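The values are calculated or read from the model by the stated rules, or taken from the named source; none is laboratory data. What you see is a predicted model, and the numbers here were worked out from it, not measured in a lab. FYI the Cβ positions are ideal-geometry reconstructions off the backbone, even for glycines, and counts take in every protein chain you see. These area figures cover heavy atoms from the full protein model, side chains too; ligands, DNA and RNA do not enter into them. Shrake-Rupley method; radii C 1.70, N 1.55, O 1.52, S 1.80 Å.
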Amino acid sequence: GGRTFSGVKPTGHLTLGNHLGAVRGWAERDQYRTESLFCVVDLHALTVEHDPARVRRLSRQAATVLLAAGLDPERCTLFVQSHVDEHTRLSYLLECTATDGELRRMVQYKEKGARARAAGEGVRLSLLTYPVLMAADILAYETDEVPVGEDQTQHVELTRDLAVRFNQRYGHTFTVPRATRPPVAARVRDLQDPGSKMGKSGAEAGPGVVFVLDEPDVVRRKVMRAVTDSGTEVRYDRAAGPGVANLLEVLAACTGGEPAALASSYSSYGALKRDVAEAVVELLRPLRARHAELAADPGHVDQVLREGAERARAVARQVVDRAYRAVGLLPRG
Ligand code: TYM
C-alpha cells in the first residue's frame with residue numbers, strides 16, 4: 001500500500017549512482033509494491049547555468065532511460081515536472097512555510113552556490129529555493145515513501161518539517177513522507193575521487209563517472225582505472241579504504257552479496273576490478289538494449305509522458321487546491 005514519489009534531474013546523463021541509488025529500486029521494487037509516480041524534474045535543471053536545447057534533450061533521454069530501466073507505464077506514472085503546474089503552485093505556499101535560514105543550511109545549496117560564485121556566476125535564487133520545489137513535488141501527491149540516494153536525505157527531512165509545520169498551522173493537509181534507500185550503494189563514489197559522490201553534472205562528471213549508457217568497453221576502462229587505496233589487501237573499510245569499499249559496494253549491489261563478505265574472496269585489487277567491471281556491464285546490458293529500441297520511437301515516449309502528466313495532474317490538483325483553501329486563499333468560485 002501507500003504512495004511512492006521520486007525524481008531525477010535532467011542535468012546530465014544518468015549515472016551508475018542514479019541507477020543503484022534510486023532508479024533500480026523504483027523499477028524492481030517500488031512500482032510493484034505501491035502506487036508510484038516518477039518524475040523527470042526539469043524545472044530543477046534550471047537552477048544552475050543551463051543550455052535550453054540540452055535540457056530538452058536530456059529530459060527526453062532521462063524519460064527514455066527510466067523506461068529502459070524497467071519502469072512500466074501500466075504500473076506507475078512517469079511524467080515531466082513542468083507539465084504539471086501544481087508543482088510550482090504548491091511551491092509558493094511552501095515558500096511561505098519555510099524560512100531562509102533552513103534553506104541556507106542545505107549542504108547542496110552551500111556546495112553548488114560556492115561553485116557558482118567561484119565561477120563568477122550569480123547564484124540563482126532558485127538554487128536556494130530548490131528544496132522547497134522538491135518538497136512541493138513530494139507533498140502534492142500525498143506521498144508516503146521517497147526512494148532516494150543518501151545525498152537527498154536532508155531534502156526529504158526538510159520536506160517532512162514543512163509538512164508538519166503546515167499541518168500544525170492550517171490543519172491536516174499533507175501526508176508526512178519518509179525517505180527510503182537501497183540496502184547498499186546509497187552513495188556510490190566517484191571512481192577517481194572516492195571522497196565525493198558519483199555525480200552526473202558539471203565539474204563532477206569526469207572519468208570517474210560511469211554512465212548507464214556507456215559502451216561496455218568504456219565501463220571496463222573506467223572501472224579498471226578506479227583509484228584504490230595504498231594497501232594491497234582487499235578489505236571493506238569505508239574510512240580507511242574508500243576506493244576499495246566503493247568497488248565492493250557496487251559489486252554487492254550488482255550481485256546481491258554483502259560488501260564485507262565479498263572482500264574476503266579477493267586477494268588482489270585487479271581481480272576485484274575485473275569482477276566489478278563485468279558485473280556492471282551485465283547489469284547495464286539489458287538497459288542499453290532496451291534504450292536503443294525506445295530511442296528509435298520518441299513518439300512512444302512522448303505519449304507515455306502525456307498520459308503520465310494527465311494522471312499526475314488529477315492527483316495533485318486536489319491536494320494543492322485543498323492547501324490553497326487551507327491557507328486562506330479565496331476559492332475560485
Ligand atoms: P538527482 O537527479 O541528482 O539524482 C537522482 C537520484 O539518484 C540518486 N543519486 C545517487 N545515489 C547513489 N549514489 C550516487 N552517486 C547518486 N547520485 C545520485 C539521488 O539521491 C536521487 O535519488 N533533488 C533530486 C531530484 C528531485 C527529487 C524530487 C527526488 C527533485 N524533486 C522529489 C525525490 C523526490 C536530485 O537532484 O536527484
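Distance from the alpha carbon centroid of the range 199-255 to that of the range 120-138 works out to 30 angstrom.
Pairs of alpha carbons in the chain separated by more than 31 Å make up 34% of all such pairs.
Using a probe of 1.4 angstrom and keeping all protein chains present, the accessible surface of the chain works out to 45 square angstrom per residue. A helix-only calculation puts the chain at -15500 deg cm²/dmol for mean residue ellipticity at 222 nm, using -39500 (n - 2.57) for each DSSP H run of at least four residues, averaged over all residues.
Volume per residue of the convex hull around the Cα atoms, evaluated for the range 136-184, comes out as 61 Å³. Placing +1 on the Cβ of every Lys and Arg and -1 on the Cβ of every Asp and Glu, with nothing else charged, gives the range 202-292 a dipole about its Cα centre of roughly 240 debye.
Dividing the alpha-carbon radius of gyration of the range 64-184 by the rule-of-thumb value 2.2 N^0.38 Å gives 1.15. For the chain, the longest principal axis of the C-alpha atoms and the axis of helix 107-118 are separated by about 80°. List the pair-distance distribution P(r) of the range 248-333, using every Cα-Cα distance, as the percent of pairs falling in each 10 Å bin from 0 up to the bin containing the longest distance, rounded to whole percents. The calculated distribution, bin by bin, is 14, 22, 15, 18, 18, 10, 3, 0.
Please report the carbon-and-sulfur percent of the accessible area for the range 115-235; probe 1.4 Å, protein heavy atoms only, DNA, RNA and ligands left out.
Numbers: 2620 of 5480 Å².
Summing carbon and sulfur atoms, their accessible area is 48 percent of the total for the range 115-235.
Within a straight-line Cα-Cα reach of under 18 Å, K273 can be paired with the following lysines, leaving aside sequence neighbours fewer than 8 residues apart in one chain: K222.
For the range 202-292, the average shadow cast by the Cα convex hull is 6.3 nm², which is a quarter of the hull's surface.
Seen from all directions on average, the range 118-273 presents a Cα convex hull projection of 12.2 nm². Of all the options Y236, Y170, Y109, the one that moves most in a Gaussian network model of the chain with Cα springs shorter than 10 angstrom is Y170.
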